[in-house]
Amino acid sequence: MSLTNMDFSQQVVIDTAQQDWVASPMPGVWRKPLAREDAERGHATSIVRYDPGASFSTHDHPLGEEILVLSGTFSDQTGDYKAGTYFRNPEGFRHAPFSAEGCTILVKLHQFSPQDNAHVVIDTRTAQWSPGQGNLQVMPLHACGSEQVALVKWPAGEKFLPHTHFGGEEIYVMEGEFIDEHGRYPAGTWIRSPHLSQHHPYVEQDTLIWVKVGHLNS
């Protein structure tokens, strides 16, 4: 399988609502590949859908697994994780995930720093928001070295200062529409911007994004 969006010097914008689902090796588990190093191993970022009752065989995660539950309930032997749950499973963590009711998740594989071994579970529906720049609200989810992950809530009409992304930026638009001088990005859009890229973002409607910065400079 050829590399998919593995040139981190290039910006990638994908409206996942326009992508077709691709069957995974497990029945009832479907994927929309966003970036992929190899067919079933290595660096991968995907939207994954579990049909009701679907399950995946037991596996571990070299260099970790990062998940944001977008809809439904994602489960494994450690519990049930409803929409809004963010978690990180470090190298050495083994599980056999399934979904009784079905779910959709944003998944990032094989992308942890070698020193990052934190197991993180955050229910973003109940975690606290902190004030950000201007009228933004920020919910920090994880930090390791230069990498930082958060949810950011943008009220309608909010504008952010023009800025440069040292170490790049990755965004998934969860609700609303994110906008900058390069385009408009509706809910379901994934954006990966390279090291030292620049933009001047704003929104016209209430918008919620998942954002990761500082992880693309190597």
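The values are calculated or read from the model by the stated rules, or taken from the named source; none is laboratory data. Given the structure is predicted, the values throughout are model-derived calculations rather than measurements. So basically every Cβ, Gly included, is an ideal-geometry build from the backbone, and we count neighbours across all protein chains shown. Protein only, heavy atoms only, side chains kept; ligands, DNA and RNA dropped before computing areas. Shrake-Rupley method; radii C 1.70, N 1.55, O 1.52, S 1.80 Å.
Restricting the stretch 57-77 to residues that are touching a residue at least 24 places away in the same chain (Cβ under 8 Å) and assigned to a loop (DSSP other than H, G, I, E, B), the residue that is surrounded by the most Cβ atoms within 10 Å (Cβ to Cβ) is Gly64.
Tallying residues that are more than 16 Å from the chain's Cα centre (by Cα) and in contact (Cβ under 8 Å) with a residue 40 or more places away in the chain within the stretch 124-160 yields 10. Number of residues in the stretch 148-163 that are under 22 Å from Glu66 (Cβ atoms) and open to solvent by 30 Å² or more (accessible area, probe 1.4 Å): the value is 2. Modelled with pLDDT of 95 or more, open to solvent by 30 Å² or more (accessible area, probe 1.4 Å) and either more than 18 Å from Asp15 (Cβ to Cβ) or among the basic types (Lys, Arg) (or both), is that true of Gln137? For Gln137, the condition - modelled with pLDDT of 95 or more, open to solvent by 30 Å² or more (accessible area, probe 1.4 Å) and either more than 18 Å from Asp15 (Cβ to Cβ) or among the basic types (Lys, Arg) (or both) - is met. In summary, Val121 fulfils each of the numbered conditions (1) open to solvent by 30 Å² or more (accessible area, probe 1.4 Å); (2) in contact (Cβ under 8 Å) with a residue 60 or more places away in the chain with the single exception of condition (2). The residues of the stretch 103-128 that are in a loop (DSSP other than H, G, I, E, B) and either over 27 Å from Asp38 (Cβ atoms) or among the charged types (D, E, K, R) (or both), listed by number, are Asp116, Thr124, Arg125, Thr126, Ala127, Gln128. Starting from residues that are open to solvent by less than 40 Å² (accessible area, probe 1.4 Å) and outside any strand (DSSP E or B), keep the ones in the stretch 169-214 and report whichever is nearest to His142 (Cα to Cα). Result: Gly214. Within the stretch 71-79, is there a residue that is at pLDDT below 95 and among the β-branched types (Val, Ile, Thr)? Scanning the stretch 71-79 turns up at least one residue that is at pLDDT below 95 and among the β-branched types (Val, Ile, Thr).
Do we find that Gly145 is out of contact with any strand residue (DSSP E or B) (no Cβ under 9 Å at 6 or more places or on another chain), on the phi > 0 side of the Ramachandran plot and surrounded by fewer than 20 Cβ atoms within 10 Å (Cβ to Cβ) in this structure? Here the answer is yes, as Gly145 does meet what is asked. Of all residues in the stretch 22-50, those satisfying the criterion of being exposed (fewer than 14 other Cβ atoms within 10 Å of the Cβ) and either in contact (Cβ under 8 Å) with a residue 40 or more places away in the chain or part of a strand (DSSP E or B) (or both) are Val22, Ala23, Arg41. The residue list Ile105, Ile122, Ile179 contains one member that is of a type in the set (Val, Ile, Thr) and under 21 Å from Arg49 (Cβ atoms), which is Ile105. Mind checking whether some residue in the stretch 66-85 is of a type in the set (Lys, Arg) and closer than 26 Å to Phe8 by Cβ? Checked against the condition, which is being of a type in the set (Lys, Arg) and closer than 26 Å to Phe8 by Cβ, the stretch 66-85 yields no hits at all.
Looking only at residues in the stretch 85-102 that are assigned to a loop (DSSP other than H, G, I, E, B), of a type in the set (Gly, Ala, Ser) and open to solvent by less than 40 Å² (accessible area, probe 1.4 Å), which one is farthest from Val203 (Cα to Cα)? In this case the residue turns out to be Ala96.
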